[in-house]
Amino acid sequence: MTSCTKCQTEWSFKNKAVTLKRITGELKCPYCGEEQFLSKKAQLQMGVSNMIIPATMLLPLPFDIPLPIHLPIILLGIAAVIILNIGLVKLSDKREYPV
Ligand SMILES: [Zn+2]
């Protein structure tokens, strides 16, 4: 569940997808207009999930998987990361930096 820290309105999947596109900047709640930020925990979790992409690129190497099979695996990995990241969006009322 991802809700605005001010008006407590739950954000839809679409709201969160828009959030990802502006991951570095500030976000505004589409319901009350209050500024929202991506929480530190969400940023860390996304950082971990993003590692799926290089993993899908390197994983087939030891198995000598041909490119026509390798390529869809990479694309699948990227799609999985995008969906995963949208699910991981958590909001904070102040700017947080993952350290
Ligand atoms: Zn709000």
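One residue is enough: does the stretch 37-53 have a residue meeting the conditions over 30 Å from L71 (Cβ atoms), near the ligand (Cβ under 10 Å from one of its atoms) and not hydroxyl-bearing (S, T, Y)?
No, there is no match, as no residue in the stretch 37-53 is over 30 Å from L71 (Cβ atoms), near the ligand (Cβ under 10 Å from one of its atoms) and not hydroxyl-bearing (S, T, Y).
With the requirement that a residue be part of a loop (DSSP other than H, G, I, E, B), more than 8 Å from the ligand (Cβ to nearest atom) and surrounded by fewer than 15 Cβ atoms within 10 Å (Cβ to Cβ), what does the stretch 1-18 give you?
Residues satisfying the conditions are M1, S12.
Within the stretch 22-71, how many residues are among the β-branched types (V, I, T) and not in a helix (DSSP H, G or I)?
3
Just give me the residues in the stretch 72-99 being assigned to a loop (DSSP other than H, G, I, E, B) and touching a strand residue (DSSP E or B) at 6+ places or on another chain (Cβ under 9 Å), in sequence order.
V89, K90, D93, K94, R95, E96 - these are the residues of the stretch 72-99 that are assigned to a loop (DSSP other than H, G, I, E, B) and touching a strand residue (DSSP E or B) at 6+ places or on another chain (Cβ under 9 Å).
Could you check how many residues of the stretch 19-43 are farther than 20 Å from L76 by Cβ, surrounded by 14 or more Cβ atoms within 10 Å (Cβ to Cβ) and hydrophobic (A, V, I, L, M, F, W, C)?
Matching residues across the stretch 19-43 total 5.
Taken together, the values in this text are just the output of simple stated rules run on the coordinates, not laboratory data. As the structure is a computational prediction, the values presented were derived from the model and not from experiment. Neighbour counts are summed over all protein chains in view; Cβ atoms, including those assigned to glycine, are modelled from backbone coordinates with ideal geometry.
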